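Take a look at the structure set out below.
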Amino acid sequence: MRKTVAAGYRDPAGADQPGHPATFGTVSLRAILLGCLCSVAIAVGAPHTTMVLSGTPMGFSSCTPAAFFLLFVIITTLQPALGLLGRRPLTPSELLTVTAMMFVAAALPTRGVTGLLLPMITATYYYASPENEWADQLHPHDADWMLVNDQSAVVGFYEGGWEHIPWSSWLTPLGAWSLFYLSFYLALIGIVVILRRQWVDHERLPFPVARVPLALVAGERGDPWPAIFRSKALWLGMAIPLVVNSANALHHYDSSIPHLDLVSSITIYPGISLRVGINFLMVGFAYFISSSVAFSLWFFHLLKLLQMHVVGLTGGTFQNTYLGPWQEALLGQQAVGAFAVLVLSGLWFARRHLAAVLRTAWGAHGTADADDDEIVSYRGAVLGLVGGTGGMGLWLWLSGFPGWIAPLVVVVALVILLGLTRAVAEAGLPTVTPTSGPSGFLISCIGVPALGTTGMIATGYTLVWAGEYLVFFMAPLANAVRLGQATRGNRRRLYWSIWLAIAATLVVSVWYTLHLAYTYGGINLDKGFFTSYCKYPSELAAAMLADPRGPYPVAWLWTLSGGLVMAILTILYYRFTGWALHPLGFPIAASWSMHFTWFPIFLGWALKRIILRLGGGRVYRDSRPFFIGLIMGQFVAGGLWLVVDTATGTRGNVIPMLF
């Protein structure tokens, strides 16, 4: 039987990944303070650059570009400054603490929480009209406590011109949603802590996103300049995306400067076209994941295109069924089934570890110190998971879901999130966007009649926290906890540091987003947030209630088929050593972001194969700073040009982080 060790560690150079696990020091109070300050900077900077400047989206990815850019700034400016002032530079452990806090902070403004939440809980009253009949069809059944229904406050939010924020109209819905997110994050933190040892120590998942800061901060004690910054390969790698992106940014200022277009498309068969583009960020991350995972990601993407072409030729119609925004009928149901098997098989492989967690949480004899290396005790993690999921279920029931459906929403959402987080931890994908969430699953597999009017309206508002997944909190959280394992001493401080980062970021980003909206008017800011996404909950509910359908038997068939294929792939991969296809590629193939990332993944995979074949493990290890440079160069280019654009007041100058 194949050993359950991550494929990346079976590569010749896999045993020595960048940022190989080590301990760097303790979690200090000054690091926590700096982390809070950086979280506040992200809470203000992300909405400002997105909504005011329409610039580089440093908060539109689960790999948190803003955190990487600020880490680079700290290393290259604050560290030398501390040395010049005769102060002790930040230790690697302190740098990792700050980075962990920034990871979770960067997942909250704009697409993470506030950019979707605030417009979505107001739009139903601002955009209601005689034509859409929301006032008659939806508003009598709305849960008023979770929405802003003060018409004057709503109009001011979208049209601006106010000198003050009408907090009295916002406190009740913000308080209600704060309780939901408290429960949600308690559950996610509990899951991540419970599975941390299984993923890091037992399965040795590579965590490519987390390993970049681990490599960046490693150095000699007392030396403010990390060892990797002395590598010429790092700076060469950084130079390539910096030069290319800077040329394109300058083109925005002066059209006579040539624009370097790195994107094209090819047609491989009538009706099947492929986007071919170079993204330095994804090429870099792909270099650090296992060859089997990288191969499977792009292979299954091509197979998905062929599948959809064949389904279209055979006259299939279910794939065209409308299930709401960010949902695809056929691929979405197939992916839900695959994610369910991915999560269940992962829990089966972790059964001994999970039993040990429960024994420790119960306080069994001989387990007193079994969780000392975690950021919170197993008892605290289990209680957080139970209390969090219970709180989510209760909140969703009060919002309008039937009592038996509310727990199902929680389970479906957590299964998808856990599967996506596993994909980020194992495949290093900066963004994974599934084509189905709780809303699509409920409409297709449970049906609108079973949901009822209030349940359908509540289903629409799940799009606030489980709709698009372009940025989802669990992946940065897992990477943050992974960074915490490189510290020693009182790791429990990191737990409270994460909560401080969450609280500071949410409070400041809510305030600043409201400030921007009431000052300038939301409709004059980002069109996506204030004129499009904000209407999705009500548009979905109105469309489904006007023609209530479901469940669709074919939806269950595609869900079961996705689970069956995933089960077969999992058995083949773990039973047969020569089997090359990693099962993770199958559910990720349905992600629409793969349309943009498949070719960079292919490039990273091909370069790694060539280097390993020609130069072996030593050349692979020596080349890793170059690919870390590619990653950091993209982040730094985006951040530097945001600084320039802010200083000059330039709008619309975008350095692509993923697309």
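The values are calculated or read from the model by the stated rules, or taken from the named source; none is laboratory data. Keep in mind the model is a prediction, meaning the values are calculated, not measured. All Cβ positions, even for glycine, are placed from backbone atoms using ideal geometry, and neighbour counts span all protein chains on display. Only protein heavy atoms, including side chains, enter the accessible area calculation; ligands, DNA and RNA are left aside. Shrake-Rupley method; radii C 1.70, N 1.55, O 1.52, S 1.80 Å.
Worth a mention:
- Yes/no for G316 being part of a loop (DSSP other than H, G, I, E, B), closer than 27 Å to C445 by Cα and at pLDDT below 90: yes
- Annotation note: of S532, S509, S561, the sole residue that is part of a helix (DSSP H, G or I) and closer than 30 Å to E203 by Cβ is S561.
- When V415, V411 are screened for being free of Cβ contacts under 8 Å to residues at least 40 places away in the same chain and open to solvent by 10 Å² or more (accessible area, probe 1.4 Å), only V411 passes.
- When T421, T435 are checked against the criterion of being in a loop (DSSP other than H, G, I, E, B) and buried (at least 21 other Cβ atoms within 10 Å of the Cβ), a single residue qualifies: T435.
- Inclusion of A504 among residues that are modelled with pLDDT of 95 or more, open to solvent by 10 Å² or more (accessible area, probe 1.4 Å), assigned to a helix (DSSP H, G or I) and small (G, A, S) is warranted.
- Number of residues in the range 135-158 that are farther than 20 Å from L525 by Cα and within 32 Å of the chain's Cα centre (by Cα): the value is 8.
- Residue among L274, L260 that is without any contact (Cβ under 8 Å) to a residue 40 or more places away in the chain, farther than 30 Å from P80 by Cα, among the hydrophobic types (A, V, I, L, M, F, W, C) and touching a His at 6+ places or on another chain (Cβ under 9 Å): L260
- The range 200-211, residues that are touching a helix residue (DSSP H, G or I) at 6+ places or on another chain (Cβ under 6 Å) and either open to solvent by less than 10 Å² (accessible area, probe 1.4 Å) or assigned to a helix (DSSP H, G or I) (or both): L205, P206, F207, P208, V209, A210
- Set L451, L396, L442: member being more than 26 Å from the chain's Cα centre (by Cα), open to solvent by less than 10 Å² (accessible area, probe 1.4 Å) and at pLDDT 95 or above: L451
- Residue check for A361: open to solvent by less than 30 Å² (accessible area, probe 1.4 Å), touching a Leu at 6+ places or on another chain (Cβ under 9 Å), more than 27 Å from Q333 (Cα to Cα) and among the small types (G, A, S): yes
- Residue, nearest to F184 (Cα to Cα), within the range 464-482, restricted to residues that are touching a Ser or Thr at 6+ places or on another chain (Cβ under 6 Å) and not in a loop (DSSP other than H, G, I, E, B): M474
- Checking I611 against (1) buried (at least 24 other Cβ atoms within 10 Å of the Cβ); (2) under 14 Å from A286 (Cα atoms); (3) β-branched (V, I, T), the condition it does not meet: (1)
- Which listed residue, of I588, I571, is out of contact with any Ser or Thr (no Cβ under 6 Å at 6 or more places or on another chain), among the hydrophobic types (A, V, I, L, M, F, W, C) and crowded, with 24+ Cβ neighbours inside 10 Å: I588
- Within the option set F318, F349, being of a type outside the set (S, T, Y) and open to solvent by 50 Å² or more (accessible area, probe 1.4 Å) holds for one residue only, F349.
- Against the conditions (1) part of a helix (DSSP H, G or I); (2) in contact with a helix residue (DSSP H, G or I) (Cβ under 6 Å, 6 or more places away or on another chain), L195 satisfies every one except (2).
- Among (1) under 24 Å from F318 (Cβ atoms); (2) of a type in the set (V, I, T); (3) more than 20 Å from the chain's Cα centre (by Cα), the one test that V412 misses: (3)
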